[in-house]
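In what follows, a structure is listed as structure tokens, so that the remarks can point back to it.
Every read-out reported here was derived from the displayed coordinates using simple, explicitly stated rules and does not represent laboratory data. Here the structure is a predicted model, which means the values were calculated and not measured. Here Cβ is always computed from backbone atoms with ideal geometry, including for glycine, and neighbour counts include all displayed protein chains.
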Amino acid sequence: HPVLYQRIMQAKSHNPDMFVVVIDPRFTSTCEQADLHLPILPGQDVALFNGLFQYLYQNGHADQAFVDDYTEGLQEVLASSQQETDITYVAKRSGISLDKLQQFFEKFAQTEKVITLFSMGVNQSSQGVNKANSIINCHLLTGKIGKLGAAPFSMTGQPNAMGGREVGGLANMLAAHMDLDNPLHQKVVQTFWDSPFIATQAGLKAVDLFHAVEAGKIKAIWIMATNPVVSLPDADQVKRALEKCELVVVSDICTDTDTTAYADVLLPALGWGEKDGTVTNSERRISRQRAFLPAPGEAKADWWSVSQVAKKLGFKGFDFNSAVDIFNEHAALSAQDNADINTREQNDTFRYFNLKGLMNLSTAEYDALQPVQWPVWSKNQDAKAVQQLFGKGQFSHKNTKAKLISTVAIDPVHAVSEDYPLILNTGRIRDQWHTMTRTGLSPNLTSHRAEPFCEIHPSDALKFGVRDQGLVEVRSKWGSCVLRVTFSSGVRRGQIFAPIHWTEQVASDARIGKVVNPEVDAISGEPEFKHTPVTIQPFYTTWQGVLYIREGYESHIQESLHHCAWWTKVKMVKTNRYELADRQTFNDTQKNLKSFLPFADETFEWLSIEDISSQLSHSVILKDGIVIASLYIAPPDLLPDRDWVASLFKRERLSALHRKALLAGMPMSATNNDGPLVCSCFKVGKNKIIEAIKTQNITHEKQVTACLKAGGNCGSCLPEIRGLIKACQQEVEV
């Protein structure tokens, strides 16, 4: 969430007294600008916020008038969280030092307006719902809710998640935000649609659904806008399920994903810029999304595909001609039997989600729709009237009161053991999103963290015999994968962190999902992505190397890659780079390169050198003076600079000097090396930033932006830039 982060940092620059707390098992870039970092043990959020709740109540920080007038359930919550009255117990259980815990509790109590931002670290847990409830309880107890600058703020996959909930796109919801287990809501939907049937109990959520597929209870599945072979826990189970399923239909914009490999029918979908409709953000604001690209080929909107299939199956009610038809039905359903807010306490059918003022829009009105917050009771309503719905305690329940919900702190289902002594925590990295089907196509975005990796504390690395930048096998009861090791003192001892992004399309064995345990929250169905017991061991190889292949030639190497014990693909400009490692003896580099490139006949020019004593072997292939491929086998510290080699693939022709340099794996003369990429937006490397800091006496990130543009667009790299400035300043002090 870089935009939100930048807004927080901007607010802090205007108000230095604003206190920022980061609760995270790892010390990340976000922590660098925080006033307080709480390195909580994974899975202990309920204990932490129950402890905060008890502290606030026991020390007289509750807003008693707000609690009495607008909430219910206080005594039940106090009773269920009695154990957390002892702050020493909370500190021990959460893994947070007593002094930091005390500081956090005091700051929350003393600050008039508090926003608690929480995301996947809270939600992706076998007790994710209770984690969220425990956070909300603290805000309700102190009245810090429904006010500008005071709220619990769930920043999940906005805006798609919000829109999905609104239309009932979950297994435990009805359309238009109605409750599946509410008979009145069931009647509203069934009557509106004139349907002979209506769901009265929750369907299968994602993890359970694929178990049902594997068991043969589900014989046909249609997968849209997701890549479950990568993204779900115990991901090899998903593979087994799809292999057994009689009919697998996948709608996607990408031909080749780990999931489309199992599709019997592959339907071309629309990408984000090709879609026409609306999206909703976290403040309930509905915005018109207008396509700015034409649909390629036979690609169709998902609603069109669903409607066509439904009509072929003989169902009525799917005669939609455009997105506005669907929106009008959606708005009408939201208003169906929806009581006026002024009579809500005498009426069981009041619902805040109401788009009555947007019913029956013409195409022109829909196209001109301006961003608007729901509820929209009338076309000309005062926008300020719905900005903070709960500001005066007007909560969604019939009695207008919020419910404080009892939460009991429990440990994650699977504990560490002698066989699996480490906790695996998974998550995202700065420049990737989900499974790289789109972000992985950008050389800019793949440059920052090019290989699948895991972070581990140096002390644990020593204990398990793994080295920095070496390869390591991460194994759990459910599966294993092989990753590049990165030492990090920001990871707590006893834990490792691995990103979720890499797939079988870009790496041989990096799907971390197959390692993750399949436990889920009983209510939300969210998996336990942040706590899986694992063990690690070095992944030994006899050689490592790097292969470059110009775009247009790589289709020939896929089969050869599978003979390597380990490989990963990195997208670069005009070429693709493959990091390689194997356990077999590599005696004949040229022969092996030929196996990677069987198309390279006598019309191609081959260059090779070998130094057996140094275990070094280089080969280069050219055609008409243009470099087509190069392969380097050497000890890791003797492999060439990756970006420098890639730069030669950008040239139309190679001079004799460049040929020699490419074959040698090093430039023949001094060359500018910008170093690892820091700013993806403006392609600014680490070395270039350090040089500017030192030569121009830079002391602030804004000076770096003014000089190099780095950090001046999305701002995601600013924490790293600040870290470089700090490191350079420490060098000067020494």
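Where both partners of a DSSP beta bridge lie in segment 2-156, what percent of those bridges are antiparallel, to the nearest 5?
On the way: 1 of 8 bridges.
In segment 2-156, DSSP labels about 10 percent of beta bridges as antiparallel.
Determine the distance separating the Cα centre of segment 204-270 from the Cα centre of segment 462-537; give it in Å without decimals.
Each part's Cα centre sits 23 Å from the other's.
Under a crude label model (7 Å from the Cα following the beta-carbon direction), how far is Glu76 from Arg165 in nanometres?
2.1 nm
In Å and whole numbers, how far do the C-alpha atoms of segment 677-733 stretch along each principal axis, longest first?
31, 17, 17
Averaging the inverse of every distinct alpha carbon separation and then flipping it gives the Kirkwood radius. What is it for segment 2-156, in angstrom units? Please list the in-between numbers first.
On the way: mean 1/r = 0.0627 Å⁻¹.
Final number for the Kirkwood radius of segment 2-156 is 15.9 Å.
Could you pull out every one of the lysines with an alpha carbon less than 21 Å from that of Lys316, ignoring same-chain neighbours closer than 8 positions?
Lys187, Lys300
Give the Cα extents of segment 225-319 along the principal axes, in whole Å, largest first.
40, 36, 28
How big is the dipole moment of segment 677-733 about its Cα centre under a simple scheme where the beta carbon of each Lys and Arg is +1, that of each Asp and Glu is -1, and everything else is neutral? Debye, nearest 20, please. Don't skip to the answer; put the middle values down first.
Values: 8 positive and 5 negative charges, 40 e Å.
The calculated dipole for segment 677-733 is roughly 200 debye.
Under 20 Å between alpha carbons, and skipping anything fewer than 8 positions from Lys530 in its own chain: which lysines qualify?
The reachable lysines, counting only those whose Cα sits under 20 Å from Lys530, are Lys92, Lys131, Lys205, Lys477, Lys514.
Using +1 at the Cβ of each Lys and Arg and -1 at the Cβ of each Asp and Glu in the chain, identify which of Pro233, Thr695, Ser555 lies farthest towards the dipole's positive end.
Sorting the options by dipole projection puts first Thr695.
Sorted from largest to smallest, which semi-axis lengths in Å does the alpha carbon gyration tensor of segment 535-668 give for its equivalent ellipsoid, taking the root of 5 times each eigenvalue? Kindly include the intermediate steps, with their values, before the conclusion.
Numbers: eigenvalues 104, 54, 43 Å².
So the three semi-axes of segment 535-668 are 23, 16, 15 Å.
Take the alpha-carbon centre of segment 388-406, take the same for segment 308-334, and report the distance between them in whole Å.
Here the two parts' Cα centres lie 34 Å apart.
Using the Cα centre of segment 15-91 as origin and beta-carbon charges of +1 (Lys, Arg) and -1 (Asp, Glu), tell me which of Val22, Gly60, Tyr70 is placed farthest towards the positive end of the dipole.
Highest projection toward the positive end goes to Val22.
Put a dot 7 Å past each Cα toward the Cβ at Gln394 and Glu691; how far apart are the dots in nm?
About 6.1 nm separates the two model spin labels.
Mind listing the long-range amide H neighbours of Gly470? Cut-off is under 5 Å, sequence gap 5 or more, other chains count too, H placed in the peptide plane at 1.01 Å from N.
Val485
Taking a temperature of 10 °C and a viscosity of 1.306 mPa s, what whole-number D in µm²/s does Stokes-Einstein yield for the chain with Rh from Kirkwood over alpha carbon pairs?
Details: Rh = 28.8 Å.
D = 55 µm²/s.
Please give the calculated 222 nm ellipticity per residue for the chain, where each DSSP H segment of at least 4 residues contributes -39500 (n - 2.57) and the sum is spread over every residue; nearest 500 deg cm²/dmol?
On the way: 25 runs with 226 residues, N = 734.
Computed mean residue ellipticity for the chain: -8500 deg cm²/dmol.
Could you list the chymotrypsin sites (Phe, Trp or Tyr not before Pro) in segment 266-323 that lie in coil according to DSSP, counting only those with at most 11 other Cβ atoms within 10 Å of their Cβ? If you can, show how the numbers build up before the last one.
Details: sites: Trp272, Phe292, Trp303, Trp304, Phe315, Phe318, Phe320; in loops: Phe292, Phe315, Phe318, Phe320.
Here the sparse-neighbourhood loop sites are Phe292, Phe315.
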